[in-house]
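S.K.: Dropping the structure in here first, questions after.
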Amino acid sequence: MTAVAPAVSAPIAAPAHAETILSVRDLRTQFFTRDGVVRAVDGVSFDLKRGETLCIVGESGCGKSVTALSILGLIPAGAGRIVGGSVRFEGTELTTLSEAEMRRIRGNRISMIFQEPMTSLNPVFTVGQQIAESVSIHQGLNRRQAWDRAIEMLSLVKIADPKRRAGEYPHQLSGGMRQRVMIAIALACNPQVLIADEPTTALDVTIQAQILNLMLELKDRLGTAIILITHDLGVVAETAQRVIVMYAGRKAEEAAVDELFRHPIHPYTRGLMASIPRRSAAGRRSQVRGRLQEITGIVPSLREEIPGCAFAPRCGFAVDRCTREQPPFEAHRPAHFAACWEAARVVGTPR
Ligand SMILES: Nc1ncnc2c1ncn2[C@@H]1O[C@H](COP(=O)(O)OP(=O)(O)O)[C@@H](O)[C@H]1O
Ligand code: SF4
Ligand SMILES: [Mg+2]
């Protein structure tokens, strides 16, 4: 079940004229397995503006993490690779950089936070050492300066008694505190872009809201652009400025967050929305009205090439053409794009 939307302070919209910092074009990433080729990301394009929060949302297995790993050059070499497209960061093409060049960007100018901090933190070093190591590698600080910066970062992510906590090991901290440490590591070098892949999924709802709030607050203070990946439209509603809905390795819909929630076009987006717990009239988030609707059916295997719309087997609006021809991703309203042959009929049907 989707978690109830955490109460997070409203994001400040990036100005429309803001400069594009990251530009992804027709990105295609495949894995080569014994059972065939997995088209995990199949022609995804988007721009991220300086200081903006872009959410990528979709069910498990739709290519969100692989999109993030592709941007960061972290697709495991033996398993798969980027087979097409481009990722430009501040004008530099990343897909053709050497691993050494990529390492100078990763964790420094583009940082990342993953779902489970225990797998990203090293159990044998204190959290202070881990933050200090990251800043000394990337920013050339000496040991003393790096340690001071570690404590400053722990205090910035609102960890009480940062001097003492800096000397503790990951297992001595709670899940929420470990995720704060990951945010501290990710932001210690003042990155231009932060990619957060399901950063709060492993945490309970109250802690989720605190961590999301913290990320947004620091983003506004530091001017970092964020790509926030989530399966939870509740999180999107509370954090995003712009949203990309992904399905089966492709974009299904893209719009500014208010526009998307007011006028969803793609039947998949509408299905996701129907499965978010509603707030009560009083706005209290813990009160769920009625039963949640689920989208029936499952995400398709990405092993076979899908000639038409990948959502067709689950779609109540599907017509013959949907299984034969891939719908173009095009504007159906101003600055609001969707890939659906039957968009006009869907929009005319009450939710
Ligand atoms: N190392 C891998 N080898 C083979 N297939 C993979 C690998 N990593 C991811 N995939 C496949 O790529 C698709 C997209 O996965 P992913 O991006 O992790 O989805 P999610 O949207 O849940 O983050 C899935 O079908 C997944 O099984
Ligand atoms: S293109 Fe067809 S199958 Fe796909 S979402 Fe639209 S109506 Fe449904
Ligand atoms: Mg994922």
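S.K.: I'd like the full set of residues that are in contact (Cβ under 8 Å) with a residue 24 or more places away in the chain and more than 20 Å from the chain's Cα centre (by Cα), limited to the stretch 82-101.
M.R.: Passing the criteria: Val83, Gly84, Leu97, Glu99.
S.K.: Continuing with this model, one more query. Residues Ile151, Ile195: which one is buried (at least 16 other Cβ atoms within 10 Å of the Cβ), closer than 24 Å to Ile56 by Cα and not basic (Lys, Arg)?
M.R.: Only one candidate passes the filter, namely Ile195.
S.K.: Still on this structure: Can you tell which of Arg262, Arg180, Arg250, Arg165 is within 16 Å of ligand 2 (Cβ to nearest atom) and basic (Lys, Arg)? Let's see the steps before the verdict.
M.R.: Values: Arg262 fails: within 16 Å of ligand 2 (Cβ to nearest atom); Arg180 fails: within 16 Å of ligand 2 (Cβ to nearest atom); Arg165 fails: within 16 Å of ligand 2 (Cβ to nearest atom).
After ruling out the rest, the residue left standing is Arg250.
S.K.: I'm told Cys189 meets every condition in (1) out of contact with any strand residue (DSSP E or B) (no Cβ under 9 Å at 6 or more places or on another chain); (2) in a loop (DSSP other than H, G, I, E, B) except one. Can you identify the failing condition by its number?
M.R.: (1)
S.K.: Can I ask one more? Would you mention how many residues in the stretch 198-209 are out of contact with any Pro (no Cβ under 7 Å at 6 or more places or on another chain) and buried (at least 19 other Cβ atoms within 10 Å of the Cβ)?
M.R.: 4
S.K.: Name the one entry in Glu59, Glu99, Glu133, Glu52 that is assigned by TED's automatic domain parsing to the domain that holds Arg164, among the charged types (D, E, K, R) and within 16 Å of ligand 3 (Cβ to nearest atom).
M.R.: Glu59
S.K.: Name the single residue, out of those in the stretch 156-189 being under 19 Å from the mean Cα position of the chain (by Cα) and without any contact (Cβ under 8 Å) to a residue 40 or more places away in the chain, that is nearest to Asn122 (Cα to Cα).
M.R.: That would be Arg180.
S.K.: More than 16 Å from ligand 3 (Cβ to nearest atom), under 17 Å from Gly43 (Cβ atoms) and surrounded by 12 or more Cβ atoms within 10 Å (Cβ to Cβ): is that true of Ala310 in this structure?
M.R.: Yes, satisfied.
S.K.: Can Arg106 be described as over 20 Å from Leu214 (Cα atoms), surrounded by 17 or more Cβ atoms within 10 Å (Cβ to Cβ) and among the basic types (Lys, Arg)?
M.R.: yes
For (1) within 30 Å of Ser23 (Cα to Cα); (2) part of a loop (DSSP other than H, G, I, E, B), each residue gets a yes or a no:
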position	(1), (2)
Ala146	no, no
Glu152	no, no
Ala160	no, yes
Gly176	no, no
Met182	yes, no
Leu228	yes, no
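S.K.: Which residues, counting only those in the stretch 190-210, are touching a residue at least 40 places away in the same chain (Cβ under 8 Å) and either among the hydrophobic types (A, V, I, L, M, F, W, C) or within 22 Å of Phe125 (Cβ to Cβ) (or both)?
M.R.: Pro191, Val193, Leu194, Ile195, Ala196, Pro199, Ala202, Val205, Ala209
S.K.: Can you find, within the stretch 67-96, the residue that is surrounded by the fewest Cβ atoms within 10 Å (Cβ to Cβ) among those that are assigned to a loop (DSSP other than H, G, I, E, B) and within 16 Å of ligand 3 (Cβ to nearest atom)? First the steps, then the outcome.
M.R.: Within the stretch 67-96, the first condition is being assigned to a loop (DSSP other than H, G, I, E, B), and the residues that meet it are 72-79, 90-91, 94-96.
In the following step, the residues that additionally are within 16 Å of ligand 3 (Cβ to nearest atom) were identified as 72, 74-76, 79.
On the way: Leu72: 20, Leu74: 14, Ile75: 18, Pro76: 9, Ala79: 11.
Result: Pro76.
S.K.: Among the residues of the stretch 44-73 satisfying the criterion of being among the polar types (S, T, N, Q) and within 8 Å of ligand 1 (Cβ to nearest atom), which is modelled with the highest pLDDT? If you could, list the steps in order and put the result at the bottom.
M.R.: Here is the first cut: in the stretch 44-73, the residues among the polar types (S, T, N, Q) are 45, 53, 60, 65, 67, 70.
Keeping just the survivors that are within 8 Å of ligand 1 (Cβ to nearest atom) gives 60, 65, 67.
Values: Ser60: 91, Ser65: 95, Thr67: 98.
Applying the filter and picking the extreme gives Thr67.
S.K.: Are any of the residues in the stretch 326-335 over 19 Å from Ile244 (Cβ atoms) and either in a loop (DSSP other than H, G, I, E, B) or within 7 Å of ligand 2 (Cβ to nearest atom) (or both)?
M.R.: no
The values are calculated or read from the model by the stated rules, or taken from the named source; none is laboratory data. Just so it is clear, the structure is predicted and the values come from calculations on it, not from any experiment. No Cβ is skipped: glycine too gets one built from the backbone with ideal geometry, and neighbour counts run over all protein chains shown.
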